[in-house]
Amino acid sequence: MSPQTLKKFFDPNSMMPPILFMVFDYVGVVLAEHAAFFLRDRLDYWANAHYYYADAYVYGWVPALFLILLSNSRSYEQMKPIVEIMRGIFMSVFYGWTVSIILIYFLKAGNEASRLFIILFGLFVLFGVCIIRYAVLKFMKKFNLFSEPVIIIGAGLTAEHVIRFWKNDLGYRYEILGFVDDHPVSDILPKDYPILGGFSDAKKIIKGTKVKTVIIAAPGITKEQLQDLINEIQPHVKNISFIPDLIGTPMAGVDAAILFSEKILVLNVRNNLASPYNKFAKRIFDLFCTLTGGILISPFLLIIAVAVAINNKGNVIFAHRRVGKGGKHFPCYKFQTMVPDAKERLEKYLAENPEAKKEWDETFKLTNDPRVTRLGNFLRRTSLDELPQLLNVIKGEMSLVGPRPIIDDEISRYGENIREYYMVLPGITGMWQVSGRSDTTYPERVAMDTWYVRNWSIWIDIMYLFKTVKAVFTGKGAY
């Protein structure tokens, strides 16, 4: 195969990426069907009938239905956040599963419909399609397949943040050809990427490189400059994305409306947590995941509890007074990780170590905490010490995902942002957990908690739960 053919094959603007995604989705649906058949035959002891489904449904109608719904959800679009991709897949699979039930029951696809098969198929197809898509995106990201050439206009701090997000998100595979900026603010970007010219050179540069996608990451430019820039380059590209001067504004529930006759764009921003339905959905999600997960890991919890009891002479659970929703206090449960005389040992250590005292005053944490036992250090680094907080979730004192639970002395650190903290239940995990945990500064933690509350969605919770698993295995920033 010639280099030109290879380049054309891996061109993200070709039809190959969507076709590959469709092929793997088809495989995922069919494998889910067969896995459900296999497990049903071994679990359904009470069935007297032999269930069967015609090949036309197994290999034809049912997979086709899922592919149509997945395509309709725009999950085959290139370059979008992985959380948006997974949300589209989840909703498509749920609708596909529902319609599959209708096909099986009302179109008589089988001589009898196995309820166990329906349940197993729903679970397998959801996890199967999601896991396969995740693996494919991971593979593409690792080997830089179907990457899209892009030029970024603006080489400042905003561009730094955007590129960092792209690097960490599987949904993006951009090949950055360079930057266009008159006076690059960033000290980092010019070292890694070429500065191709200034704003006035944008049209010439884009025509010369024949790039089809341009990102304008210069929120500080005036409205007139932005309009002129877009009008100049739009005839020569396929896609233009620009970042407006709205950084930090809650945008997770935003909808755009266009007033065509007046050439006005209206952004409608929703407060997701103000909806009783969303609050109820978050609570049901917490209870389902906590009860299901708690049952599955109960043997593991018992082993840890026994080890902690032996290490701490019978003391297993430590209840620490924390500030919860609405400013109410609650006992935050953890496995005992400290020595019995922890308070006295801390006071002595801080008095003898000025640097440690400074660290404690700034973050309320210590890199080398003299109070923590050897087993406790392991539990903290893996975050296993926080597993008893599942009981707090069941009691309604905490959520699986939310702001980090704080103590009274930390309230003043939040300033006006404490109102956002009081709006929700604190979480076992959250943005701080997957963003370096103890390596983050206190203002960064406050900003993360505030952003989460203002932009909450059930999909953000799911994303952070998955990211938490990765953070726990790596142990990054935990002490």
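Tell me which residues, restricted to region 288-311, are open to solvent by 50 Å² or more (accessible area, probe 1.4 Å), closer than 30 Å to residue 423 by Cα and touching a residue at least 40 places away in the same chain (Cβ under 8 Å).
Result: 291, single match.
What's the number of the condition residue 177 fails, among (1) touching a Pro at 6+ places or on another chain (Cβ under 9 Å); (2) of a type in the set (A, V, I, L, M); (3) crowded, with 19+ Cβ neighbours inside 10 Å?
Condition not satisfied by residue 177: (3).
Could you run through region 281-323 and say how many residues are within 28 Å of the chain's Cα centre (by Cα), among the aliphatic types (A, V, I, L, M) and under 17 Å from residue 334 (Cβ atoms)?
3
Would you confirm whether any residue within region 430-442 is modelled with pLDDT of 85 or more and more than 17 Å from the chain's Cα centre (by Cα)?
No, because not a single residue in region 430-442 is modelled with pLDDT of 85 or more and more than 17 Å from the chain's Cα centre (by Cα).
Suppose we filter region 229-243 for residues that are open to solvent by 60 Å² or more (accessible area, probe 1.4 Å) and out of contact with any Lys or Arg (no Cβ under 7 Å at 6 or more places or on another chain); how many remain?
4
Of the conditions (1) surrounded by fewer than 17 Cβ atoms within 10 Å (Cβ to Cβ); (2) over 30 Å from residue 270 (Cα atoms), residue 211 fails just one. Which one is it?
Every listed condition holds for residue 211 apart from (1).
When residues of region 244-287 are filtered for being of a type outside the set (Val, Ile, Thr) and either surrounded by 11 or more Cβ atoms within 10 Å (Cβ to Cβ) or assigned to a loop (DSSP other than H, G, I, E, B) (or both), how many remain?
23
Any idea which of (1) modelled with pLDDT of 90 or more; (2) charged (D, E, K, R); (3) touching a strand residue (DSSP E or B) at 6+ places or on another chain (Cβ under 8 Å) is the one residue 232 doesn't satisfy?
Exception for residue 232: condition (3).
Any idea how many residues of region 121-171 are open to solvent by less than 50 Å² (accessible area, probe 1.4 Å), out of contact with any Ser or Thr (no Cβ under 9 Å at 6 or more places or on another chain), of a type outside the set (S, T, N, Q) and not in a helix (DSSP H, G or I)?
Of the residues in region 121-171, 7 are open to solvent by less than 50 Å² (accessible area, probe 1.4 Å), out of contact with any Ser or Thr (no Cβ under 9 Å at 6 or more places or on another chain), of a type outside the set (S, T, N, Q) and not in a helix (DSSP H, G or I).
Counting just the residues of region 46-89 that are at pLDDT 90 or above and of a type in the set (Phe, Trp, Tyr), which one comes out farthest from residue 163 (Cα to Cα)?
The extreme case among them is 59.
The values are calculated or read from the model by the stated rules, or taken from the named source; none is laboratory data. This one's a predicted model, so the numbers in the text were calculated from it and none came from an experiment. Virtual Cβ from ideal backbone geometry, glycine too; neighbours counted across all protein chains shown. Only protein heavy atoms, including side chains, enter the accessible area calculation; ligands, DNA and RNA are left aside. Shrake-Rupley method; radii C 1.70, N 1.55, O 1.52, S 1.80 Å.
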